[in-house]
2 protein chains.
Amino acid sequence: MTTLHLHVDSQFASPYAMSVFVALHEKGLAFDMSTVDLGAREQHAAGFAGLSLTQRVPTLVHDGFALSESSAITEYIDEEFEGPRLYPTQPRSRARARQVQAWLRSDLMPVRQERPTEVVFYGAKAPPLSPAAKEAAAKLYTAAQSLLQDGAEHLFDQWCIADVDLALMLNRLVLGGDSVPSRLEAYAARQWQQPSVQRWVNQRRPPL
Amino acid sequence: MTTLHLHVDSQFASPYAMSVFVALHEKGLAFDMSTVDLGAREQHAAGFAGLSLTQRVPTLVHDGFALSESSAITEYIDEEFEGPRLYPTQPRSRARARQVQAWLRSDLMPVRQERPTEVVFYGAKAPPLSPAAKEAAAKLYTAAQSLLQDGAEHLFDQWCIADVDLALMLNRLVLGGDSVPSRLEAYAARQWQQPSVQRWVNQRRPPL
Ligand SMILES: [Ca+2]
Ligand SMILES: [Ca+2]
Ligand SMILES: [Ca+2]
Ligand SMILES: [Ca+2]
């Protein structure tokens, strides 16, 4: 029997853990979950470091195979398991989805730093954006508006996992009280209502 | 007729541009190349920003389809074109290759900052590593030693694109004069001799 075990952060605040959590739910896969206390540096302790080569959450263990890095995990889930596709099948759309995922994980650092996901999941207060963060936010809005057709519910023909990642990034700003173009705010709000996303949003969190 | 045009940084110092350059060569694909002056912020100017959604090099334009983010590009090349595989075909090896790529692009920041690729491609001097960079380097060595079988030439059964990325990351330290475990140093040196890699290393570079 196949077993799937997902390791996530104990605050349920990692956007990357959320992406894998949503992917597993969208695929209709049953999985167990346990938490790693990043504040206590538990990810570097022998137990977890022996499991995760990169000492990071999320880590998915599938029948003894431990895999970290969320985009690698969601690609693996999509290739290994039946069910709704997590990535577009059309080659250029699939490429674009991968571009969005890679970009959101390696750029826009000032937004990620000044609008940490505690703003999203704990309602933490957010001070005004620095000029560097404003510039990064503007770049995010330009790219997202270019990708999203007017009124579109998804980036591509159908929902894909990059929609979750993009909505999370936009919601850092929406929930931080920043002025986000209304089309993007509406897209992020719709994405946020997806039941698999709401399951993550509604996790019972320990105090910060 | 298919056309491929690759936009890279004018210093030929981007490890991500190198990764795509090597991928195209390994696939035996002909392509044109032009350079973007990052020092002059040319990537944010109207021309390039109109092409690259994420305003970053590398960007590959394939028959009018412009794609940025190196790992998305190499996945696209591998799926679209015949020739030697850039990613392993075995599912868990392919997952691991993606994990390595995603990790090297989103972690180990102190090593990337204190051992910029000018150390690798321009022989720039490197001051001693900070404690944070030493910790990141140790994590890199642990992961690489866990992945690489003793004396193995590649991460997996055959060469893959993640070998290029890992060798570049290790060579930041080797060429920075840091003490790198000999097994890893030998691996990186062998990878560096790959003709496609040497073509990138030997690009004629403008002064820094
Ligand atoms: Ca725990
Ligand atoms: Ca792992
Ligand atoms: Ca130029
Ligand atoms: Ca692009």
Return the residues of the range B:58-82 that are open to solvent by 20 Å² or more (accessible area, probe 1.4 Å) and either in contact (Cβ under 8 Å) with a residue 60 or more places away in the chain or more than 10 Å from ligand 4 (Cβ to nearest atom) (or both); say none if nothing qualifies. B:63, B:64, B:71, B:79, B:80, B:81, B:82
Out of B:49, B:40, B:45, sole residue that is without any contact (Cβ under 8 Å) to a residue 12 or more places away in the chain, within 16 Å of ligand 3 (Cβ to nearest atom) and at the interface with another protein chain (Cβ under 10 Å from one of its Cβ atoms): B:49
For the range B:109-119, state whether one or more residues are within 16 Å of ligand 4 (Cβ to nearest atom) and touching a residue at least 24 places away in the same chain (Cβ under 8 Å). no
Screening A:9, A:37 for residues that are among the charged types (D, E, K, R) and open to solvent by less than 10 Å² (accessible area, probe 1.4 Å) leaves only A:9
Any chance the range A:148-160 includes a residue that's exposed (fewer than 13 other Cβ atoms within 10 Å of the Cβ) and closer than 23 Å to residue A:8 by Cβ? no
Return the residues of the range A:51-70 that are among the hydroxyl-bearing types (Ser, Thr, Tyr) and outside any helix (DSSP H, G or I); say none if nothing qualifies. A:52, A:54, A:59, A:68
Can you tell me which residues in the range A:22-35 are within 17 Å of the chain's Cα centre (by Cα) and either within 16 Å of ligand 1 (Cβ to nearest atom) or within 14 Å of chain B (Cβ to nearest Cβ) (or both)? A:23, A:33, A:35
Looking at the range B:52-70, which of its residues are hydrophobic (A, V, I, L, M, F, W, C), away from chain A (no Cβ under 11 Å) and closer than 20 Å to residue A:101 by Cβ? B:57
Candidates B:28, B:39, B:47 - the one that is more than 10 Å from ligand 4 (Cβ to nearest atom) and within 14 Å of residue B:7 (Cβ to Cβ): B:47
Residue B:118: at pLDDT 95 or above, away from chain A (no Cβ under 14 Å), more than 20 Å from residue B:24 (Cβ to Cβ) and surrounded by fewer than 24 Cβ atoms within 10 Å (Cβ to Cβ), yes or no? yes
Please pick out the residue among A:126, A:132 that is open to solvent by 10 Å² or more (accessible area, probe 1.4 Å), modelled with pLDDT under 95 and more than 16 Å from ligand 3 (Cβ to nearest atom). A:126
For the range A:7-21, give me each residue that is more than 14 Å from every other protein chain (Cβ to nearest Cβ), under 20 Å from residue A:105 (Cα atoms) and either polar (S, T, N, Q) or assigned to a loop (DSSP other than H, G, I, E, B) (or both). A:11, A:12, A:13
Regarding residue B:91, is this residue at pLDDT 95 or above, more than 12 Å from ligand 4 (Cβ to nearest atom), open to solvent by less than 60 Å² (accessible area, probe 1.4 Å) and of a type outside the set (A, V, I, L, M, F, W, C)? yes
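Every residue, every condition in (1) within 9 Å of another protein chain (Cβ to nearest Cβ); (2) in contact with a Cys (Cβ under 6 Å, 6 or more places away or on another chain); (3) not in a loop (DSSP other than H, G, I, E, B), yes or no:
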{"residue": "B:72", "(1), (2), (3)": "yes, no, yes"}
{"residue": "B:77", "(1), (2), (3)": "no, no, yes"}
{"residue": "B:83", "(1), (2), (3)": "no, no, no"}
{"residue": "B:86", "(1), (2), (3)": "no, no, no"}
{"residue": "B:95", "(1), (2), (3)": "yes, no, yes"}
{"residue": "B:100", "(1), (2), (3)": "yes, no, yes"}
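The values are calculated or read from the model by the stated rules, or taken from the named source; none is laboratory data. Just so you know, these numbers come straight off a predicted model, no measurement behind them. Note that we place each Cβ from the backbone using ideal geometry, even for glycine, and neighbour counts take in every protein chain shown. Note: areas computed on protein heavy atoms with side chains; ligands, DNA, RNA excluded. Shrake-Rupley method; radii C 1.70, N 1.55, O 1.52, S 1.80 Å.
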